[in-house]
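Asker: To start, I am sharing the structure in question, which I have written as structure tokens.
The values are calculated or read from the model by the stated rules, or taken from the named source; none is laboratory data. The structure presented is a predicted model; accordingly, all values stated were derived computationally and were not measured. Here the Cβ is made from the backbone with ideal geometry for all residues, glycine too, and neighbour counts use every protein chain on show.
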Amino acid sequence: MAKNNNGNGKIINSQAAMDKAVKSVCDILRRDRAKGARLYVPELTWMFFLRYLDIMEQNEEQKAKALGTPYSETLKAPYRWRDWAAPFDKTVPFDEMIRMKLPGWKRRELSEKTIGSFLSFVNDDLFPHLKAIGSVTGASNKQKVISEIFRNKEKTILSSETNLQNALDKIHTLSEASISDQHMFPISQAFEGLLPSLGEKKNDGGQFFTPREIIRVIVNVIKPQIGKTVYDPCCGTGGFLIEAYKSMYSQNPLGTQIKELKTETFWGREDASEAIPICLANMMLHDVDLPRIWHGNTLTGAVTYGDLFEGAPAQFDYVMTNPPFGSKEGKDAQAQFPYKSGKAQILFLQHIIDSLADGGTCGMVIDEGVMFHTKTAAYQQTKRKLLDECNLFCVISLPQGVFINAGAGVKTDLFFFTKGRQTERVWYYDMTLTDDFQLRKVNKGNPLTIEAFNDFFERFALDPDDPKRTSERSWYVSIEEIKKKKYDLKATNDNAPDYSDKRTTSELMVIIQDSQKEIEECLKVLNK
């Protein structure tokens, strides 16, 4: 791979350098009309996706030619990135460029017309074509994905043709040719550093983004295996599915397993129209060829677009998810479940249990309010269903503030359970305390990293009956105790060292008086 530069003479050789390069594109969008992440992330999504698609298509076409096999383009001229978005060589005669369809030929053609022709092509020709391509007879799965990504895309948010072209030019350079051979960062790395901006403080797009470290903890606990299916009923931007893919792909699947991994393994549902294109593009950017994403309301069953979900198994081997905090559901959703509640997390928990195959495992984020609430029947009934039908083998109590940047200051926990066997006892781990038993403070400047879980992973790897499983930050609670507390599952750590001051008021008064006398004596000496 050539070591070309990224347009300013620098080689991109780290995620930080890639993030900086992406930020320069964001700056262009922000100076137009995309002022916040919830506006510029969707805009960059379609740009990154089309750039990636064109690279992938050209590589596949070259392979087909080398093997002497036929190849059918997903997008044809002039709708390929190389036609309309790629920079063109001004030294090549216009007629020759158009005739040979050299890189940027369509852009060159539009540049010869009136000002605004390029913007009009994108809004009035490109987007309508991409939206419709999946509905034609014989459309491929890839074409259906493209249509879903552009389903609600009417126009680019950018009003300036120059800003749009500048953004496209920068993204064009963020290809493999701009990346150091030593590090081999794919174009997906550019997108990798972009999505966390959805979780920034005061950005309501954070509801679609789970902190990456939390996702990695859940995936590392579950350890999904090749040949199994993974499901996220509220998949947002696809973080859990992508991290699970990375974990499974690292197991060196055989050639026959790779196709199944990329097309039949990862299934998700999402209701938010603005999250769907980001999720689909994100998964394809990470080499999941066919993202099996169902667009609609998971809890009511109302579908917006379900073609990509065709052939889904009735139940799944793994569920990894972060149901929305505080979301309320109406009677349509409640009617689908035996234990009715307006609290979405209660309904999602029932859905997850029913979606797991026997022997299947779930790792999920849950609002601690669900853990300790016992006054409402649906809460008790749902938690009883969980403990009767599944083995809740681990609960991690997270510190306050893990999701604060996503607009949720609620206290959260991680649940891990396997379906098919009743719970006999639950192992709790307290992440609210540091290694030296101080209250852990988490905020934007001090995020919770996966390294903070080292002690947890060491103890989790032990046999459940190993005495070292119990510590100042970990303990067991029997099912009998849980039932006595009416299915209150809140993590209450009675093992933590008590460093509180045990001195009585009288003892403290004596200390204060003695100290005061010492001060008075010192003052007398100083005044002599």
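Asker: For segment 25-49, what are the residues that are modelled with pLDDT of 90 or more and more than 20 Å from Trp81 (Cα to Cα)?
Answerer: Asp27, Arg30, Arg31, Asp32
Asker: Now a separate question. Out of the strands (runs of 3 or more DSSP E) lying entirely within segment 283-339, which hold 2 or more residues that are without any contact (Cβ under 8 Å) to a residue 60 or more places away in the chain?
Answerer: Output list reads 292-296, 303-305.
Asker: Considering only helices (runs of 4 or more DSSP H) fully contained in segment 56-114, which possess at least 3 residues that are in the same structural domain as Leu174 (by TED's automatic domain parsing), of a type outside the set (A, V, I, L, M, F, W, C) and under 21 Å from His129 (Cβ atoms)?
Answerer: 105-111
Asker: Let me ask something else about it. Find all pairs meeting these conditions: Cβ atoms under 8 angstrom apart; at least six residues apart or on different chains; first residue within segment 396-411 and at positive phi; second residue at pLDDT below 80 and among the acidic types (Asp, Glu).
Answerer: Here the result reads Gly407/Asp204, each pair linking segment 396-411 to a residue that is at pLDDT below 80 and among the acidic types (Asp, Glu).
Asker: Among the residues of segment 347-372, write down those that are at pLDDT below 95 and farther than 14 Å from Ala491 by Cβ.
Answerer: Selection gives nothing.
Asker: If the requirement is being under 23 Å from the mean Cα position of the chain (by Cα), more than 26 Å from Glu274 (Cβ to Cβ) and buried (at least 22 other Cβ atoms within 10 Å of the Cβ), which of these qualifies: Cys390, Cys394, Cys362?
Answerer: After ruling out the rest, the residue left standing is Cys362.
Asker: Could you go through segment 77-90 and let me know if any residue there is within 13 Å of Gln165 (Cβ to Cβ) and exposed (fewer than 13 other Cβ atoms within 10 Å of the Cβ).
Answerer: Scanning segment 77-90 turns up no residue that is within 13 Å of Gln165 (Cβ to Cβ) and exposed (fewer than 13 other Cβ atoms within 10 Å of the Cβ).
Asker: Also: Taking the condition in the same structural domain as Leu241 (by TED's automatic domain parsing) and modelled with pLDDT of 95 or more, does Ala344 pass?
Answerer: no
Asker: May I ask you to list pairs of residues, at least six apart or on different chains, whose Cβ atoms are under 6 Å apart, with the first in segment 367-385 being within 20 Å of Lys411 (Cα to Cα) and the second being at pLDDT below 90 and among the β-branched types (Val, Ile, Thr)?
Answerer: Correct list of pairs: Asp367/Val410; Gln380/Thr374.
Asker: Then there's this: How many of the residues making up segment 416-433 are within 15 Å of Asn495 (Cβ to Cβ) and not charged (D, E, K, R)?
Answerer: 7
Asker: Turning to a different aspect of this structure: Specify the residue that is surrounded by the fewest Cβ atoms within 10 Å (Cβ to Cβ); the eligible residues are those in segment 441-472 that are among the basic types (Lys, Arg) and modelled with pLDDT under 95.
Answerer: Here the residue is Lys444.
Asker: Which condition number in (1) touching a Phe, Trp or Tyr at 6+ places or on another chain (Cβ under 7 Å); (2) buried (at least 21 other Cβ atoms within 10 Å of the Cβ); (3) over 26 Å from Met431 (Cα atoms); (4) not polar (S, T, N, Q) is the one that Ala333 fails?
Answerer: Condition not satisfied by Ala333: (1).
Asker: Quick check on segment 258-292: of everything there that is basic (Lys, Arg) and surrounded by 18 or more Cβ atoms within 10 Å (Cβ to Cβ), which residue is modelled with the lowest pLDDT?
Answerer: Ranking the qualifying residues of segment 258-292, first place goes to Lys262.
Asker: Let me ask something additional. For Gly227, all conditions in the list (1) surrounded by fewer than 22 Cβ atoms within 10 Å (Cβ to Cβ); (2) at negative phi; (3) at pLDDT 95 or above hold save one; what is the number of the exception?
Answerer: For Gly227, the exception is condition (2).
Asker: Could you check how many residues of segment 124-143 are assigned to a helix (DSSP H, G or I), surrounded by fewer than 17 Cβ atoms within 10 Å (Cβ to Cβ) and either modelled with pLDDT of 95 or more or at positive phi (or both)?
Answerer: Final tally of qualifying residues: 5.
Asker: Let me ask something additional. Filter segment 244-257 for residues that are modelled with pLDDT of 95 or more and either hydrophobic (A, V, I, L, M, F, W, C) or closer than 28 Å to Thr300 by Cβ (or both); which is surrounded by the most Cβ atoms within 10 Å (Cβ to Cβ)?
Answerer: Ala244
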